[in-house]
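Participant: Just passing along the structure, written as structure tokens.
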Amino acid sequence: MNGPYKPGTPCWIDLFVPDQQAALDFYCDLFGWQGEVGPAEQGGYSVCTLKGRPVAGIMKAMNPDGSVPDPMPPTAWTTYLATDGIDATLKAVSDARGRILVGPMDVMDLGRMAVVADPTGAVFGLWEARAFDGAGIVNEHGALIWNELSTADVPAAAAFYSAVLPVTTANSTMPGTEGYTEFKVGDRAVGGMLGLDKLPPGTPPNWLPYFQVDDVDSIQAAATRAGGNVLAPAFDMPVGRMAVLTDPQGGPFAVITAQAPEDPA
């Protein structure tokens, strides 16, 4: 990834967890990341790196005043979509019946962020880059390769995202992916969307990150040895072999050995 992400493109992910150090240990061991608890002036936020470049963030879940949330929110990765004007995007979110949950706020000189929910209930972030563009490495072992929205109302979600960001949606034309929707920025597919009817009952609307790995089966085995769980055991699909896992604190993520990786930038 070189330079800023085009608006509408997934550009960063982070994880808020009850036990930050345990999450750092798990993901660093699993994917070969480097990361440690960040400085106090950054709220302890950890910017994990791969080959010296930023790949994901991890932070201890806490309230804005630094207190421990009660109840503790579910552990989940947040996908951030790039915007070149966060205030205008947030107005569009409100106009399109989304909800603003956090922000907007400045993150030092790095950029401006907010966390919102679409009208179907899926939570995602917005990032307006300044000194920090987002993920500095993608589509390699241990790095982000894809972001996928699961929603109870695909047409409503498609209309929302197209209203708030310069993205379009289209049915996937790849054999074996009938019923799968792609998010596009220009002519490039940058993410996907599917209905909750294709997932286990009770799955909430969510954005799921996919990490590229060299061997899905070995990563699945390593994750379970480290206390993670398997939501969907390794299986073959038209674009490669994948599995859906959780970390030991319950955060879901997918791993894939993609046959033809797409650059999300």
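The values are calculated or read from the model by the stated rules, or taken from the named source; none is laboratory data. Bear in mind that the values here come from a model prediction, so they are computed numbers and not experimental data. Neighbour counts are summed over all protein chains in view; Cβ atoms, including those assigned to glycine, are modelled from backbone coordinates with ideal geometry.
Participant: Could you tell me whether the stretch 176-183 includes any residue that is closer than 15 Å to residue 239 by Cα and polar (S, T, N, Q)?
Facilitator: Checked the stretch 176-183: at least one residue is closer than 15 Å to residue 239 by Cα and polar (S, T, N, Q).
Participant: Go through the stretch 25-64 and give me each residue that's assigned to a helix (DSSP H, G or I) and modelled with pLDDT under 95.
Facilitator: Answer for the stretch 25-64, where residues must be assigned to a helix (DSSP H, G or I) and modelled with pLDDT under 95: 40, 41, 42.
Participant: Among the residues of the stretch 183-203, which ones are under 10 Å from residue 167 (Cβ atoms) and either without any contact (Cβ under 8 Å) to a residue 12 or more places away in the chain or in a strand (DSSP E or B) (or both)?
Facilitator: 183, 184, 185, 190, 191
Participant: Would you check if there is a residue in the stretch 215-230 being within 15 Å of residue 145 (Cα to Cα) and either touching a strand residue (DSSP E or B) at 6+ places or on another chain (Cβ under 9 Å) or assigned by TED's automatic domain parsing to the domain that holds residue 149 (or both)?
Facilitator: yes
Yes or no, residue by residue, for (1) in contact with a Gly (Cβ under 8 Å, 6 or more places away or on another chain); (2) in the same structural domain as residue 216 (by TED's automatic domain parsing):
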position: 116; (1), (2): yes, no
position: 151; (1), (2): yes, yes
position: 168; (1), (2): no, yes
position: 182; (1), (2): yes, yes
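Participant: Note down all Cβ pairs under 8 Å where the first residue falls in the stretch 23-41 and is in the same structural domain as residue 52 (by TED's automatic domain parsing), the second is crowded, with 20+ Cβ neighbours inside 10 Å and charged (D, E, K, R), and they're at least six residues apart or on different chains.
Facilitator: 23/247; 26/247; 27/247
Participant: Which condition from (1) within 18 Å of the chain's Cα centre (by Cα); (2) outside any loop (DSSP other than H, G, I, E, B) is the one that residue 249 breaks?
Facilitator: Answer for residue 249: the failing condition is (2).
Participant: Moving on to the next point. Out of 239, 230, 244, 216, report the one residue that is β-branched (Val, Ile, Thr) and more than 23 Å from residue 10 (Cβ to Cβ).
Facilitator: 230
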